[in-house]
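Engineer: This is the structure I want to talk about, given as structure tokens.
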Amino acid sequence: MHVTTDQIIVTAGGQDALNLIMNLLRGHTEHLCIENPCYAGASMIFEGEQLQIEPVPVDSDGIRTDCLPSKQRSLIYVTPSHQYPTGVVMTLSRRLALLRWADDTDSYIMEDDYDSDFRYDGPPLTALSGLDRGRRVFYIGSFSKSVGAGLRLGYAVVPAIFSDDARLLKAKMSNGQSWLEQSALAEFVSDGHFDRHLRKMRQLYKSRRDTLISALRTKFREPVISGQDSGLHLVWRLPKGMPSALAIQMKARAAGVGVYALSSGGAFDFDGTAPDDALMFGYASLTESKIVEAIEKLNEILRGMSAKAPA
């Protein structure tokens, strides 16, 4: 993205950026759209508004642009680089279609790039905001995944025409962020430590991702996996005959293994149509040996559940 410093508003993480943009566009927005399933934090903000919400389904190419409403002056929330929770990456054709829809309907887009610092396979992705050239996309970034959730620092990149109003609104909402954390992080970035940190963490997380995929392929025949190219979680689409993802989640939790159905793990499903045959796996905080151990336990759990299932 090519932006000026005036367009960057420092926030208390991604959730604060979402709140800022929602308040900034309240006078313009007449209709809300959101991916389904989606990030629970975004759904809570949307449901707090007195506006109609239109959930838009997601498939293997990202949000279904053919299902977008024709209503004017909408606001849509998307996670194109690594859709949460399914992990799919929005294709270039879908990105361009989404931008055309925004132009045609006089709408705006919230682009939440919550874990785009970690991409392991393929070239870096062009942000929607970069393709849009700063007209209709509000970009949300955070250091929660790359540095630590406890830092509580993020940012919103707003179109230039909104920069003055965004700074004024941020001052009214919280009068800025703590200077000490900002100063320390700024020095961390400017001295090159942040880039070195990201390179190191990409290698570490890639190794853990590779271990997880290898363990799944060893224990389960040809598992269908999505979301593995980037981010800090992936999704395994369960084969036919397996118990439901929610049932596996509950059984695994009792055994000390954290796997999640799409309706859990910080995700939200508006209409109950999210598939219950998909398990989310987060791997960033586990060592390779712990990952292997967890998949072995999961295999035992699934064997036990299958043995108890009625014929």
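Bear in mind these aren't lab numbers, they're just calculated from the coordinates by the rules spelled out. In this text, all values refer to a predicted model and were calculated from it rather than measured experimentally. Cβ coordinates were reconstructed from backbone atoms using ideal geometry, including for glycine residues, and neighbour counts include every protein chain displayed.
Engineer: Right, residue 186: out of contact with any Cys (no Cβ under 8 Å at 6 or more places or on another chain), surrounded by fewer than 18 Cβ atoms within 10 Å (Cβ to Cβ) and of a type in the set (A, V, I, L, M) or not?
Structural biologist: yes
Engineer: Right, residue 76: closer than 20 Å to residue 32 by Cβ, more than 13 Å from the chain's Cα centre (by Cα), crowded, with 21+ Cβ neighbours inside 10 Å and β-branched (Val, Ile, Thr) or not? Please lay out each step first, then the result.
Structural biologist: Numbers: closer than 20 Å to residue 32 by Cβ: yes; more than 13 Å from the chain's Cα centre (by Cα): yes; crowded, with 21+ Cβ neighbours inside 10 Å: yes; β-branched (Val, Ile, Thr): yes.
Criteria met by residue 76.
Engineer: Which condition number in (1) out of contact with any helix residue (DSSP H, G or I) (no Cβ under 8 Å at 6 or more places or on another chain); (2) closer than 30 Å to residue 141 by Cβ is the one that residue 260 fails?
Structural biologist: Failed condition: (1).
Engineer: Is it the case that residue 194 is touching a strand residue (DSSP E or B) at 6+ places or on another chain (Cβ under 9 Å), crowded, with 17+ Cβ neighbours inside 10 Å and among the aromatic types (Phe, Trp, Tyr)?
Structural biologist: Details: touching a strand residue (DSSP E or B) at 6+ places or on another chain (Cβ under 9 Å): no; crowded, with 17+ Cβ neighbours inside 10 Å: yes; among the aromatic types (Phe, Trp, Tyr): yes.
Spelling it out, it is not the case that residue 194 is touching a strand residue (DSSP E or B) at 6+ places or on another chain (Cβ under 9 Å), crowded, with 17+ Cβ neighbours inside 10 Å and among the aromatic types (Phe, Trp, Tyr).
Engineer: Residues that are under 24 Å from the mean Cα position of the chain (by Cα) and free of Cβ contacts under 8 Å to residues at least 40 places away in the same chain: which strands (runs of 3 or more DSSP E) entirely in segment 144-252 hold 1 or more of them?
Structural biologist: Details: elements: 154-157, 224-226, 233-237.
Those strands (runs of 3 or more DSSP E) span 224-226.
Engineer: As an exercise: evaluate residue 25 against (1) within 24 Å of residue 174 (Cα to Cα); (2) surrounded by fewer than 23 Cβ atoms within 10 Å (Cβ to Cβ); (3) touching a helix residue (DSSP H, G or I) at 6+ places or on another chain (Cβ under 6 Å) and give the number of the one condition it does not meet.
Structural biologist: Here residue 25 clears every test but (3).
Engineer: Taking the residues in segment 123-137 that are among the aliphatic types (A, V, I, L, M) and in a helix (DSSP H, G or I) as candidates, determine which candidate is surrounded by the most Cβ atoms within 10 Å (Cβ to Cβ). I'd like the intermediate steps shown before the answer.
Structural biologist: Of the residues in segment 123-137, the ones among the aliphatic types (A, V, I, L, M) are 125, 127-128, 131, 137.
Now restrict to residues that are in a helix (DSSP H, G or I): 128, 131.
Details: 128: 25, 131: 15.
Selected residue: 128.
Engineer: Now for a separate question. Can you find, within segment 34-65, the residue that is surrounded by the fewest Cβ atoms within 10 Å (Cβ to Cβ) among those that are of a type in the set (D, E, K, R) and under 19 Å from residue 86 (Cα atoms)? If you could, list the steps in order and put the result at the bottom.
Structural biologist: Start the filter on segment 34-65 by keeping residues that are of a type in the set (D, E, K, R), which leaves 35, 47, 49, 54, 59, 61, 64.
Right, trim to under 19 Å from residue 86 (Cα atoms) and you get 35, 54, 59, 61, 64.
Numbers: 35: 28, 54: 17, 59: 12, 61: 16, 64: 15.
Selected residue: 59.
Engineer: Using the structure shown, decide if residue 264 is assigned to a loop (DSSP other than H, G, I, E, B), of a type in the set (S, T, N, Q) and under 20 Å from residue 57 (Cα atoms).
Structural biologist: On the way: assigned to a loop (DSSP other than H, G, I, E, B): yes; of a type in the set (S, T, N, Q): yes; under 20 Å from residue 57 (Cα atoms): yes.
The answer is yes for residue 264.
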